[in-house]
Amino acid sequence: MASSSAQLFIPYSESTQGPWIVRRASMPLGRYASQPMAIAAAEALAPGLSDSLGRPVEIHVQQADGTWEEHTYVVAGLVAGTPVPPVGINRHA
């Protein structure tokens with residue numbers, strides 16, 4: 001069954017110097033010196049990927065114990081991964 005979102009993954013790196021790799025499926029999209037840098041890069045990639053695919057992007061970060069956690073981030077004032085508010089709600093700048 002196809003997922004309704006695109007997935008970016010940041011596997012855990014044993015080394016403090018990395019590399020921390022941002023992947024989409026098995027394809028590496030970039031290598032970074034730290035986990036925060038890899039997360040920031042994935043956050044920066046997500047809106048463009050979402051626009052090109054026409055679906056939301058989820059970012060998953062692997063922890064030291066091997067578990068995966070979905071990374072929550074904010075894009076244009078909205079929290080990624082939460083439902084988009086219905087049309088007609090007024091947003092004030």
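Bear in mind these aren't lab numbers, they're just calculated from the coordinates by the rules spelled out. These numbers were taken from a predicted model, which means no experiment stands behind them. Ideal geometry is used to build each Cβ from the backbone, glycine not excepted, and the neighbour counts take in all protein chains shown.
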**Study point:** Stretchable slack from Thr16 to Gln35, in nm (0.36 nm times residue separation minus alpha-carbon distance)
**Key:** 6.0 nm
Exercise for review: Compute the distance in nm between two label points, each set 7 Å from the Cα along the Cα-to-Cβ direction, one at Leu53 and one at Thr67.
Suggested key: 2.5 nm
Review point. For the residue pair Ala25 and Gln7, what label-to-label distance in nm results when each label sits 7 Å from Cα along the Cα-to-beta-carbon direction?
Key: 1.2 nm
